[in-house]
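One structure below.
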Amino acid sequence: MDRKTNMVDSQGRLKDILDRLRQRDLRITPQRIAILKAFLQSQDHPSVEQVHEEVKANFPTTSLATVYKTVNLLKEVGEILEIGFADGGNRYDGNNPSPHPHLICTRCNKIIDPEVSLLDQLTAEVAETTGYRIDSHQIEFFGVCPSCRGE
Ligand SMILES: [Zn+2]
Ligand SMILES: [Zn+2]
């Protein structure tokens, strides 16, 4: 998917999400829209703190608590994927909220979405060998990214 298509998609998604939040009688402030946009348009799987920094550039009074609240709303409507880490430094994918594998650089903490072709096959195999109905998965690969390897 090229960047342009992605931008159009994220605008469509922004509208859908705002509609759903309005249906729940939630107040939509320009600040909250800026937070939503920051999560939806970021390719970098940002943390709450990173989004907070970005939004503060235009809305200096934004509190970290407001960003957390917006993340929780996005989680409620199923529009953000949380990538949890044991140390509590969660990161988020607002571009693609459905479960997908992540590749994490253990030096610079960059997170990308690797292309994985055998995921459906793997899921089917797990379902078949265990008898479970698989609803979700969380697959993480850890390694050292090319730019960190080059240093
Ligand atoms: Zn790296
Ligand atoms: Zn992702």
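The values are calculated or read from the model by the stated rules, or taken from the named source; none is laboratory data. Since the model is a prediction, treat every value here as computed from it, not as a measurement. For neighbour counting, all protein chains shown are included, and Cβ atoms are generated from backbone atoms with ideal geometry for every residue, glycine included. Note: areas computed on protein heavy atoms with side chains; ligands, DNA, RNA excluded. Shrake-Rupley method; radii C 1.70, N 1.55, O 1.52, S 1.80 Å.
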Subject >> First in segment 75-99 and among the polar types (S, T, N, Q), second anywhere and more than 16 Å from ligand 1 (Cβ to nearest atom) and not in a loop (DSSP other than H, G, I, E, B), Cβ under 6 Å, 6 or more apart >> reply: Asn90/Glu82
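I need the full set of residues from segment 111-151 which are of a type in the set (Ser, Thr, Tyr), more than 16 Å from ligand 2 (Cβ to nearest atom) and closer than 27 Å to Asp44 by Cβ, in order please. First the steps, then the outcome.
First pass over segment 111-151, keeping only residues of a type in the set (Ser, Thr, Tyr): 117, 123, 129-130, 132, 136, 147.
Adding the requirement that they be more than 16 Å from ligand 2 (Cβ to nearest atom) leaves 117, 123, 129-130, 132, 147.
The answer is Ser117, Thr123, Ser147.
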Original post:
Just to be sure, is Lys4 modelled with pLDDT of 95 or more and over 17 Å from the mean Cα position of the chain (by Cα)?
Top reply: no
Original post:
Ser47 is checked against (1) more than 23 Å from Ile104 (Cβ to Cβ); (2) among the hydroxyl-bearing types (Ser, Thr, Tyr); (3) within 16 Å of ligand 1 (Cβ to nearest atom) and fails just one. What number does that condition carry?
Top reply: (1)
**OP:** Give segment 21-31 a look and list any residue that's open to solvent by 80 Å² or more (accessible area, probe 1.4 Å) and either aliphatic (A, V, I, L, M) or part of a helix (DSSP H, G or I) (or both), or say none.
**Re:** Arg22, Gln23, Pro30
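Name the strands (runs of 3 or more DSSP E) wholly inside segment 57-140 in which the number of residues that are within 16 Å of ligand 1 (Cβ to nearest atom) and surrounded by 13 or more Cβ atoms within 10 Å (Cβ to Cβ) is 3 or more. First the steps, then the outcome.
Values: elements: 81-83, 91-93, 102-105.
Because the criterion is at least 3 residues that are within 16 Å of ligand 1 (Cβ to nearest atom) and surrounded by 13 or more Cβ atoms within 10 Å (Cβ to Cβ), the strands (runs of 3 or more DSSP E) in segment 57-140 that meet it are 102-105.
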